[in-house]
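Taken together, the values in this text are just the output of simple stated rules run on the coordinates, not laboratory data. Since we're looking at a predicted model, the values are computed, not measured. With ideal geometry, Cβ positions are generated from the backbone for all residues, glycine too; neighbour counts draw on all protein chains shown.
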Amino acid sequence: MSSGSIASLSSSSRTRLTSIASHLSDSRPKVVICRNLGPAMPLLTERKDINIVLWPEDRGCERAWLLENIKGATGVLVLLPDRVNEELVDAAGPNLRVVSTMSVGYEHIDLPLMAKRKIRVGYTPDVLTEAVADVSVMLALMAGRNDRSFNIVKNGEASWSPFMFCGPQLSATNTSPSRTIGFLGFGRIAQATLARLVPFGITHCIYTGSPNSRPDTARDAALQAKYNLKALERVDVDRLAQESDVLFVLTPGGKETYHLVDATFLRKMKPMSVLVNTARGSVVDSDALATALREKWIWGAGLDVVEGEPMITSDHPLVKEPQCVMVPHIGSATFQTRLDMATRAIDNLIGGVFGGEMPSEL
Ligand SMILES: O=CC(=O)O
């Protein structure tokens, strides 16, 4: 095409053509980054050996943009909303060697497909364990009060009476013995949450493990001794529902755990119990939870995640429940943790692109 005919094109077509031309002439591996990673970006932009294509806006990456720009890429760095499936992998073509997600969860990635196509997958475990455990405890404490009490001062409507906004107590005292803490899923974040609860006088803990995992009696004995627990027991889902005073949902999302906490489960819980979800919205049936709160099957809920997030509107059944505390998926939202996650995701990406070591490979 002559320069005259290029000049006659619209400016968006010119930009696109220029970008296509520069990619064609660039022999460096192309990497697509689905979100600006802020202070971690120099780890990418200061490298001379990669050709970076970055989603230019500060909002979730549009699918159409991703499908167009992933063509010929060697690596892609994604976030939870970016589905990595056959459509994406086909759009990328045969060069794709690595998918790196800036998350510990990976249910948005079709792992069997990745294995079939020999595409390596990186994720970010460990670095967010402590931050998410912090928020798990925060939500357990908040859900034991009343969501309305958290805004009333700023709304200029504060009032007080002896039993107003009261709820069940987390700490053990002389008059209130240890409550039983339950974990649906007993991985790194659950264990870090348990560690934080020991100073609250918690001595009884039950949990369910993944059906495919074997009981780890040596680990449990070590934890029981370390935290001076009277009980630490792996139980079935029914017992977990029936016996937990505070139940933490800390299991991965995906088909196997979809709506594990449903109406049947919630019906079995104690009326003064509290449910905390800092894992995945899909594990808890939102409608059933709203009914459980409304009909007082359980006392309260603290949610960092909810089905359908982030598009939760003010008419959502859980938003309307005064015993439901909701925060917008901020479990890992500390500067340090998010920087560590972004750094790990970049290191995984670069390792995979150049066929080297990936610090956290699935
Ligand atoms: O939810 C957060 C994550 O998976 O990192």
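Taking loop as defined by DSSP and a crowding limit of 12 other beta carbons within 10 Å, which GluC sites (Glu not before Pro) in region 300-362 fit? Please list the in-between numbers first.
Numbers: sites: E307, E357, E361; in loops: E307, E357.
Passing sites in region 300-362 are E357.
Excluding M269 itself, calculate the net charge of residues whose Cβ lies under 10 Å from the Cβ of M269, where each Lys or Arg counts +1 and each Asp or Glu counts -1. Walk me through the intermediate numbers first.
Working: positive: R267, K268, K270; negative: E243, D245.
Taking every Cβ under 10 Å from that of M269, the sum is +1.
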- Query: Taking H as built 1.01 Å from N, whose amide H comes closer than 5 Å to the amide H of E233, not counting residues under 5 places away?
  - Reply: C205, I206, Y207
- Determine the sum of side-chain charges near H204: Lys and Arg each +1, Asp and Glu each -1, restricted to other residues whose C-beta is under 12 angstrom from that of H204. -1
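How large is the charge dipole for region 129-326, taken about the Cα centre, if only the Cβ atoms of Lys, Arg (+1) and Asp, Glu (-1) carry charge, to the nearest 20 debye?
For this selection, approximately 500 debye.
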- Count the lysine pairs in the chain whose Cα atoms lie under 20 Å apart, taking only pairs 8 or more positions apart in sequence or on different chains. 10
- For region 129-326, max minus min Cα coordinate along each principal axis, in Å, sorted largest first? 53, 43, 30
- Phi to ³J(HN,Hα) by Karplus 6.51 cos²θ - 1.76 cosθ + 1.60 over region 115-132, Hz, x for Gly, Pro: 5, 4, 8, 6, 9, 6, 10, x, 9, 10, x, 6, 5, 9, 3, 5, 5, 6
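Mind pulling the per residue volume of the convex hull built on the Cα atoms of the chain? Å³ is fine.
173 Å³
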- Taking DSSP loops as anything outside H, G, I, E and B, show the longest stretch in the chain free of trypsin sites (Lys or Arg not before Pro) there with at most 11 other beta carbons within 10 Å. 155-229
- Helix-only CD estimate at 222 nm, as mean residue ellipticity for the chain, using -39500 (n - 2.57) per DSSP H run (n ≥ 4): -9500 deg cm²/dmol
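Hey, could you grab the Kirkwood Rh for region 264-311? Inverse mean 1/r over distinct alpha carbon pairs, Å, one decimal. The partial results should precede the final answer.
Details: mean 1/r = 0.0922 Å⁻¹.
This gives a value of 10.8 Å.
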- Provide the per-residue ³J(HN,Hα) series for region 186-191, in order, calculated from phi with Karplus coefficients 6.51, -1.76, 1.60 and θ = phi - 60°, each as a whole number of Hz, with x at glycine and proline positions. 10, x, 4, 5, 4, 5
- Message: I need D285, D340, D216 ordered by Cβ neighbour count within 10 Å, fewest first.
- Response: D216, D340, D285
- Query: What is the sum of charges around S171, taking Lys and Arg as +1, Asp and Glu as -1, for the other residues whose C-beta is under 13 Å from the C-beta of S171?
  - Reply: +1
- Karplus-derived 3J(HN,Hα), 6.51/-1.76/1.60, for each residue of region 40-49, Hz, glycine and proline x: 8, 4, x, 4, 9, 5, 7, 7, 9, 9
- What is the set of long-range amide H partners of T124 at a cut-off below 5 Å, with H atoms built 1.01 Å from backbone N? S103, V104
- Task: Write out the chymotrypsin sites (Phe, Trp or Tyr not before Pro) in region 270-362 meeting two conditions: DSSP loop, and at most 15 other Cβ atoms within 10 Å of their Cβ.
- Result: F354
- Placing +1 at every Lys and Arg Cβ and -1 at every Asp and Glu Cβ, with all other atoms neutral, what dipole size does the chain have around its Cα centre, in debye to the nearest 20? 360 debye
- Amide H to amide H, which residues 5 or more places from V306 or on other chains are under 5 Å from it, using H placed in the peptide plane? G281
